[in-house]
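A short write-up of the structure that comes next.
The values are calculated or read from the model by the stated rules, or taken from the named source; none is laboratory data. Computed from a predicted model, the values in this text were never measured in an experiment. Heads up, the Cβs are rebuilt from the backbone with ideal geometry, glycines too, and the neighbour counts pull from every protein chain shown.
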Amino acid sequence: MNYNFDWTNHISQLGELPPLVALWERELINELRRWIPARNDLSVLEIGCSNGRWLRWFKQEYGAHTFGVDLNSVRARIVENFIMADGLFLPVKNGTFDIVYSMGLIEHFCNSKIRHKLISEHVRVAKPGSGIVWLEHPNLNFSLDWLYVKYWYDYRQGYRHYTIRDRETKNHLKNFGVEIISSRWIGWLPPRLADIIFSKIQKHMPWLPKVPKGILKRKLFDHPLTADNFLIIGRRS
């Protein structure tokens, strides 16, 4: 990871809760609700928690007991159970949490060996047999966002984003005995536009055969050229 970069300004600008207005945010929470049923005493750990806004979403949505790990303590006071630590070496006992996740974190680590170590920590602290591990990270491989990210964020502001494919992330998880229960691209504009167009057509011409729900997202347009984010959800064995 780019340890020389100061994330203070970025973290300070984040809102108290995720806005849930972007397509990828709405698709993300729909997928999480699908795989994480409501239950009592749910324990959640975010690695690279920033200001804890997604932890607060878990608190609000599930009433979860939330914990956040980060190397930057600028918003630690608003993160419930904040832990100042490196995500590669978590000061947490094995099998502690029901849910362990990171968002927009793994792509800042420069090579597969380090990313393998980071994911090993995700899995280690998840409860065996039931713990859910999930990672969300951008797809910068053949993405239309690549030039913007590399120029505006990396060249102009000093961030470091490295290309990582969903296949690598899934392979790391599988190496640690994690069953992949969901893997998809989220937040991609063309399928959303296609859904709107076809729904309008069917509204005015209801006699036409309906397009099966989800086929536009998962079949015709599931291509990495313009995909925004990868979401991989697994269950620890």
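Restricting to region 25-38, name every residue that is surrounded by fewer than 16 Cβ atoms within 10 Å (Cβ to Cβ) and modelled with pLDDT under 90.
Within region 25-38, just R26 meets the criteria.
Do we have L90 as crowded, with 24+ Cβ neighbours inside 10 Å and either touching a Pro at 6+ places or on another chain (Cβ under 6 Å) or of a type in the set (A, V, I, L, M) (or both) here?
Working: crowded, with 24+ Cβ neighbours inside 10 Å: no; either touching a Pro at 6+ places or on another chain (Cβ under 6 Å) or of a type in the set (A, V, I, L, M) (or both): yes.
It is false that L90 is crowded, with 24+ Cβ neighbours inside 10 Å and either touching a Pro at 6+ places or on another chain (Cβ under 6 Å) or of a type in the set (A, V, I, L, M) (or both).
Yes/no matrix, rows are residues, columns are (1) in contact with an Asp or Glu (Cβ under 8 Å, 6 or more places away or on another chain); (2) over 25 Å from E121 (Cβ atoms); (3) assigned to a loop (DSSP other than H, G, I, E, B):
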residue	(1), (2), (3)
R160	yes, no, yes
I164	yes, no, yes
R167	no, no, no
H172	no, no, no
E179	no, no, no
S183	yes, no, no
I196	no, yes, no
I201	no, yes, no
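Just for region 136-181: of the residues that are polar (S, T, N, Q), surrounded by 15 or more Cβ atoms within 10 Å (Cβ to Cβ) and within 20 Å of Y101 (Cα to Cα), which one is modelled with the lowest pLDDT?
N139
Considering only residues that are among the aliphatic types (A, V, I, L, M) and at pLDDT below 95, look in region 7-24 and name the one that is surrounded by the fewest Cβ atoms within 10 Å (Cβ to Cβ). Before you say what the answer is, go through the steps one by one.
Step one: list which residues in region 7-24 are among the aliphatic types (A, V, I, L, M), which gives 11, 14, 17, 20-23.
Those left that are additionally at pLDDT below 95: 11, 14, 20-23.
Numbers: I11: 18, L14: 14, L20: 10, V21: 7, A22: 14, L23: 15.
Per the criteria, the residue is V21.
Looking only at region 183-201, how many residues end up being surrounded by 15 or more Cβ atoms within 10 Å (Cβ to Cβ) and among the hydroxyl-bearing types (S, T, Y)?
1
Name the residues in region 67-79 that are exposed (fewer than 15 other Cβ atoms within 10 Å of the Cβ) and either closer than 23 Å to D41 by Cα or more than 19 Å from the chain's Cα centre (by Cα) (or both), would you? If you could, list the steps in order and put the result at the bottom.
Going residue by residue through region 67-79, those that are exposed (fewer than 15 other Cβ atoms within 10 Å of the Cβ) are 71, 73, 77-78.
Once the filter is applied, which keeps residues that are exposed (fewer than 15 other Cβ atoms within 10 Å of the Cβ) and either closer than 23 Å to D41 by Cα or more than 19 Å from the chain's Cα centre (by Cα) (or both), region 67-79 yields S73, R77, I78.
Any idea how many residues of region 118-139 are over 17 Å from R167 (Cα atoms) and in a strand (DSSP E or B)?
2
Might you check whether a residue that is surrounded by fewer than 15 Cβ atoms within 10 Å (Cβ to Cβ) and either within 19 Å of the chain's Cα centre (by Cα) or in contact (Cβ under 8 Å) with a residue 24 or more places away in the chain (or both) occurs anywhere in region 42-58?
Of all residues in region 42-58, those surrounded by fewer than 15 Cβ atoms within 10 Å (Cβ to Cβ) come to none.
So far as region 42-58 goes, no, none of its residues is surrounded by fewer than 15 Cβ atoms within 10 Å (Cβ to Cβ) and either within 19 Å of the chain's Cα centre (by Cα) or in contact (Cβ under 8 Å) with a residue 24 or more places away in the chain (or both).
Taking G68 as the residue in question, decide whether it is modelled with pLDDT of 95 or more and on the phi > 0 side of the Ramachandran plot. Spell out how you get there, then give the answer.
Details: modelled with pLDDT of 95 or more: yes; on the phi > 0 side of the Ramachandran plot: no.
When the stated conditions are applied, G68 does not pass them.
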